[in-house]
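See below for the structure under consideration.
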Amino acid sequence: MFYGLYQGVFRAVGKAFASDFVPEHLRASGVGWYSTTVGLLQLVASVVAGLLWDRIGHAAVFYYGAAFAVVGSIGLLLLIPAKHDRHNAAVAK
């Protein structure tokens with residue numbers, strides 16, 4: 001039940017977010033490219049996780065996931081504009 005709720009909430013948010021970045025007449029293509037990219041990257045991540053599990057052990061998969069979670073968090077913090085930048089962007093509009 002919780003997994004279904006998670007999928008319903010977060011998959012819809014990603015597709016809606018992806019459709020915001022393309023012109024209106026290309027929204028379906030934008031969502032399609034988003035879904036394709038997510039699916040291919042999930043395939044790569046699953047293959048890497050399987051190789052780590054088989055060759056190193058189950059703990060390696062969790063360390064791998066934790067390391068990329070940290071890298072992703074740092075990347076997200078670097079991509080979010082500073083508070084004063086957001087204020088200047090709002091004033092410029």
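The values are calculated or read from the model by the stated rules, or taken from the named source; none is laboratory data. Since the model is a prediction, treat every value here as computed from it, not as a measurement. In this analysis, Cβ positions are derived from the backbone assuming ideal geometry, glycine residues included, and neighbour counts consider all displayed protein chains.
A compact table of results
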read-out	value
Some residue of the range 3-15 being over 22 Å from Ala67 (Cα atoms), at pLDDT 90 or above and either surrounded by 10 or more Cβ atoms within 10 Å (Cβ to Cβ) or outside the structural domain of Tyr64 (by TED's automatic domain parsing) (or both)	no
Positions within the range 33-87 being small (Gly, Ala, Ser) and not in a helix (DSSP H, G or I), in sequence order	Gly57, Ala82
Residue in the range 20-30 that is among the aromatic types (Phe, Trp, Tyr), in a helix (DSSP H, G or I) and surrounded by 10 or more Cβ atoms within 10 Å (Cβ to Cβ) present	no
